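Q: Here it is: the structure, laid out below.
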Amino acid sequence: MTHTTTPRLTLRERLEELKVPALEPAIEIAPRLWRVRTRGAYSYLALDDDITLIDTGSPGSGRGILEAVRALGRSPAEIRTILITHYHFDHVGGLAEIQQHVSARAGIHVSEAPAVESDMSLPNPFMNPILARLLDPYLEIRDPGSARIDLRLRDGDELPGLGGIRVIHTPGHTPGSISLHFRELGAVLVGDALQYRFGQLALPNRLFTQDMDEAIGSIRKLARCDFETLCFSHYRPIEGIGDRELRKFVSGLLP
């Protein structure tokens, strides 16, 4: 697989990329779109008349997310919608905890709703069978338990919040992975559909990606969207030139 040639980062730039940001409860990524640090991944808060929460971190993250809402001068009771990008435990793990405190409707892609609602453990995210077997006891302990799903999302669904949120089905990392396009805001949240390491876009992590060919097709699909800010679940955003950087990355992928 080939990629377009981009300038290599200097040592200083690499160290800057590794630097842990100050532990503010939340950082504003785009107007009224805030990134919240949780256990294991980032969550996002879209602050409109009501609040939309995207992803809930690993188990135990719920309290921190609700504290971040309060730190922004809002009430957790204003959370009306919770959207989950996919069913890995570092994204859906705090959902049941948060549902004990707020009555927000929760949504995930229709194909992954049964796994979240089930009393069975979430699917093991590891693709390597040896790693999956070794880590299965840990995952059993960390499993967040079942949570309520109210919205079974599909590609093209439109949701309220900051001028509208369009659901883009981006399977590959998991069968029901979704990305969220804030068209009026000019931002796309891709969950784990992409990585952004040391200033370079990359395919999703092979350790946890179920179908890489499908994932590449989803990345090509995202590259057809127009936006400025590209947001990730584990990395800093690309601001101002997100769609251009994504198209440049896609142009370097083999057909």
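Q: Among the chymotrypsin sites (Phe, Trp or Tyr not before Pro) within the range 67-140, which fall in a DSSP loop and have no more than 14 other Cβ atoms within 10 Å of their own Cβ?
A: In loop regions of the range 67-140 (DSSP not H, G, I, E or B), there are no sparsely surrounded chymotrypsin sites (Phe, Trp or Tyr not before Pro).
Q: Between the range 225-255 and the range 71-122, how many Å separate their Cα centres?
A: So the two Cα centres are separated by 26 Å.
Q: Contour minus end-to-end for ARG63 and VAL110, with contour as 0.36 nm per residue of separation and end-to-end as the Cα-Cα distance?
A: This chain segment gains 14.2 nm when fully extended.
Q: Given +1 on the Cβ of Lys and Arg, -1 on the Cβ of Asp and Glu, and no further charges, what dipole in debye does the chain carry about its Cα centre, rounded to the nearest 20?
A: Using Cβ point charges on Lys, Arg, Asp and Glu, the chain gives about 640 debye.
Q: Please compute the length gained on full extension between GLU78 and ARG166, using 0.36 nm multiplied by the number of residues separating them and subtracting their Cα-Cα distance.
A: 29.6 nm
Q: With 5 Å bins from zero, work out the P(r) of the chain over every alpha carbon pair and list the percent per bin.
A: Answer for the chain: a P(r) of 1, 6, 13, 18, 20, 17, 13, 7, 3, 1 percent.
Q: Sticking with this one: Calculated from DSSP H runs of 4 or more alone, at -39500 (n - 2.57) each and per residue, what is the 222 nm mean residue ellipticity of the chain, nearest 500?
A: Value at 222 nm, helices only: -7000 deg cm²/dmol.
Q: Which of rounded, prolate or oblate describes the range 45-94 when judged by the alpha-carbon gyration tensor and an a/c cut-off of 1.5?
A: Verdict is oblate for the range 45-94.
Q: Nothing charged except the Cβ atoms of Lys and Arg (+1) and of Asp and Glu (-1): what's the magnitude of the dipole of the range 158-232 about its Cα centre? Round to the nearest 20 debye.
A: Using Cβ point charges on Lys, Arg, Asp and Glu, the range 158-232 gives about 120 debye.
Q: Okay, moving on. Restricting to the chain, what percent of DSSP beta bridges are antiparallel, rounded to 5?
A: 65 percent
Q: Work out, step by step, the length gained on full extension between ASP143 and SER103: first 0.36 nm times the residue separation, then minus their alpha carbon distance; give nm to one decimal.
A: Value of the extension gain: 12.2 nm.
Q: Based on the alpha carbon coordinates of the range 60-170, what radius of gyration and maximum Cα-Cα distance (Dmax) apply, in Å?
A: 15.2, 47
Q: Here's a follow-up. What FRET efficiency comes out for the pair ASP119/LEU207, r = Cβ-Cβ distance, R0 = 35 Å, nearest 0.05?
A: Efficiency computed from Cβ-Cβ geometry: 0.85.
Q: Tell me, what is the FRET efficiency for PHE198 and GLU28 to the nearest 0.05, using R0 = 30 angstrom and their Cβ-Cβ distance as r?
A: 0.80
Values quoted throughout were computed directly from the atomic coordinates according to the rules given, and no laboratory measurement underlies them. None of the values given here were measured: they were computed from a predicted structure. Note that each Cβ is placed from the backbone with ideal geometry, even for glycine, and that neighbours are counted across all protein chains shown.
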